[in-house]
Amino acid sequence: MTDRIDRVARDAFGYSALRPGQREAIESVLAGRDTLVVMSTGSGKSAIYQIAGMLIEGGTVVVSPLIALQRDQVDDLTDIDAGAAQLNSTVPAAARERALAELAENALEFLLLAPEQLANPDVLGELAAAKPSLLVVDEAHCISEWGHDFRPDYLRLGAAAEALGRPTILALTATAAPPVRDEIVERLDLRDPDVLVRGFDRPNIRLAVERFHGEQGAERKLRALHEAIEAAPKPGIVYVATRRQAEELARSLCERSVTAASYHAGMKGAERDDVQERFMHGDLEVVVATTAFGMGIDKADVRWVFHSEVSESVDAYYQEIGRAGRDGDGAEAVLFYRSEDLGLRRFFAGGGHVELDEIARVLDAVRHADGALTPSELQDELDLSETKLTTAVSRLEEAGAVRVLAGGEIEPRDDSADAVRAAAETEEKRRVFDRSRVDMMRGYAETDGCRRAFILSYFGEPFEPPCGRCDNCEEGRSDAPPDDVPFAVGTRVAHAQWGEGVVQRYDDDAVVVLFDEVGYKTLALAVIRDRGILESA
């Protein structure tokens, strides 16, 4: 098996050697085991499914959220005569039919498609008839409501996999903390999955936080941000919290002779594409963006990523700063931080949640419908936003009250009177958890310890500080964790009020625990020792 993997990697793709984690993942897939791979951006996740797909009998179906990503990967595979095509809204009907026919005839190795294609019963039926041997879910964090790029279309992938004859599933993502990984496994219904978290550290990226206090803190922060952008080598990306901030900062930079443009979801698609293309081709020095500037931004020479405000979570922050230094050369990630800015993120964290009466309305409509309802039919009937409807359906599905079919239709499953209350309780737990993730961003911004160790422990990857490549380590503030800790990192513990959780890391005189139900909590070591409020689970 090792020889076969090496031969395909070398002869077909030109790889002289595989990176850490790639071989393990390929071997797992070839053994027929469902596999979840969490590897940092630029570490070669695509090579895993490409090599495995070449070695496994039958076709490979790849779900990818962005048409641009599909196109790039199809071009790469076509260059080596691997046999690849894409299926999305831009592909003419004749080309779609040809691709599906070639997959069924084993004349096509890879078919890349957008997740909404699986909502089409005809497409799903033809894919099932082709009997693919491998289903790849790229950007798998999109299936998680705790992920920073949640896509409702991803929610039907578990059912779609069953409709396809339940091939081996390979899920790939560049960032997924333990709760996100758990949700990916659950929603895709991965069976005894091999979960591989590898290569998360990006040592070429220097981590730093600039902190601002007092009444003049906002003004001083903005001035410092301007000065840092002007002085830094180009190109770079600035992330801001709102569309207005993106436009105002980009305009201000242009007035200072910096070639900059804004990018946000309020712009027309053609305008966003133009900004991205100009940036990718070197015609723009700086893009000032909201989180809309995300997947598909694969520019190797980005020298820095600055954040004007905290991200919604450490997951999102690490994904965003990971767009720097993909060429392996030195890069920088700086957060410009005021504690007052956390209020905006907490406000955003509270958005999109649904109330008990909204959940009840959705369930009532599903139960009284004449057959299964599509999401658009439900949305029209109830006048709920897509976000709220998706959240309500997800909570009801978790409570066992409804079933989401492969095509996205929703049908009743259980007539229990407690379903709405159970769904509402789950929603409240989510709300608490979301707020705890904002608190983790505060912890990152305000820690005096090694920032790299903070981030890597958040993702469950051990790291012994100091790293020598963050502001705290450079200034000698980072120390190794204490030796006399009550529980080792990774230990499962229990709390009388918050239930069970896992010890994440130690910060000076405190321990951070990720509780299953309430999220991240920081507890004083003295209290744990004196009162015994934690015990091994």
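Taking only pairs six or more apart or across chains, which ones have beta-carbon atoms under 7 Å, a first residue in the stretch 1-24 that is surrounded by fewer than 13 Cβ atoms within 10 Å (Cβ to Cβ), and a second residue that is not in a helix (DSSP H, G or I)?
Close Cβ pairs satisfying both conditions: P20/R198; P20/G199.
Restricting to the stretch 487-526, what's the tally of residues that are under 21 Å from C450 (Cα atoms), hydrophobic (A, V, I, L, M, F, W, C) and in contact with an Asp or Glu (Cβ under 7 Å, 6 or more places away or on another chain)?
From the stretch 487-526, those under 21 Å from C450 (Cα atoms) are 487-490, 502-514, 520-525; that's our starting set.
After this cut, where a residue has to be hydrophobic (A, V, I, L, M, F, W, C) as well, the list is 487-489, 502-503, 510-514, 523-525.
This time we only want the ones that are in contact with an Asp or Glu (Cβ under 7 Å, 6 or more places away or on another chain), so: 524-525.
Residues meeting the conditions: 2.
Given R361, R345, which one is modelled with pLDDT under 85 and farther than 30 Å from D122 by Cβ?
Result: R345 is the single residue among R361, R345 that is modelled with pLDDT under 85 and farther than 30 Å from D122 by Cβ.
Which residue, of V197, V258, is β-branched (V, I, T), touching a residue at least 24 places away in the same chain (Cβ under 8 Å) and within 26 Å of V438 (Cα to Cα)?
V197
Regarding E24, is this residue in a helix (DSSP H, G or I) and acidic (D, E)?
For E24, the condition - in a helix (DSSP H, G or I) and acidic (D, E) - is met.
Among the candidates E474, E461, which residue alone is under 21 Å from V197 (Cα atoms), outside the structural domain of Y317 (by TED's automatic domain parsing) and of a type in the set (D, E, K, R)?
It is E461.
Does the stretch 73-103 hold any residues that are buried (at least 16 other Cβ atoms within 10 Å of the Cβ) and part of a helix (DSSP H, G or I), and which are they?
Within the stretch 73-103, Q73, V74, L77, R96, A99, L100, E102, L103 meet the criteria.
Do we have any residue at all in the stretch 279-292 that's free of Cβ contacts under 8 Å to residues at least 60 places away in the same chain and assigned to a helix (DSSP H, G or I)?
To start, the set of residues in the stretch 279-292 that are free of Cβ contacts under 8 Å to residues at least 60 places away in the same chain comprises 279-290, 292.
Restricting the remaining residues to those that are assigned to a helix (DSSP H, G or I) gives 279-280.
Yes, because at least one residue in the stretch 279-292 is free of Cβ contacts under 8 Å to residues at least 60 places away in the same chain and assigned to a helix (DSSP H, G or I).
Taking T60 and the conditions (1) surrounded by fewer than 16 Cβ atoms within 10 Å (Cβ to Cβ); (2) closer than 15 Å to K131 by Cα; (3) not aliphatic (A, V, I, L, M), which numbered condition does it fall short on, given that it satisfies the others?
(1)
Looking at (1) over 22 Å from T426 (Cα atoms); (2) in a strand (DSSP E or B), which is the only condition A488 fails?
(2)
Can you tell me which of (1) at pLDDT 90 or above; (2) under 19 Å from V432 (Cα atoms); (3) of a type outside the set (G, A, S) is the one V512 doesn't meet?
The number of the failed condition is (1).
I'd like to check something: does the stretch 414-428 contain any residue that is under 17 Å from Y337 (Cβ atoms) and either of a type in the set (D, E, K, R) or touching a strand residue (DSSP E or B) at 6+ places or on another chain (Cβ under 8 Å) (or both)?
Within the stretch 414-428, the first condition is being under 17 Å from Y337 (Cβ atoms), and the residues that meet it are none.
Scanning the stretch 414-428, I find no residue that is under 17 Å from Y337 (Cβ atoms) and either of a type in the set (D, E, K, R) or touching a strand residue (DSSP E or B) at 6+ places or on another chain (Cβ under 8 Å) (or both), so the answer is no.
The values are calculated or read from the model by the stated rules, or taken from the named source; none is laboratory data. Source: prediction; values computed, not measured. Heads up, the Cβs are rebuilt from the backbone with ideal geometry, glycines too, and the neighbour counts pull from every protein chain shown.
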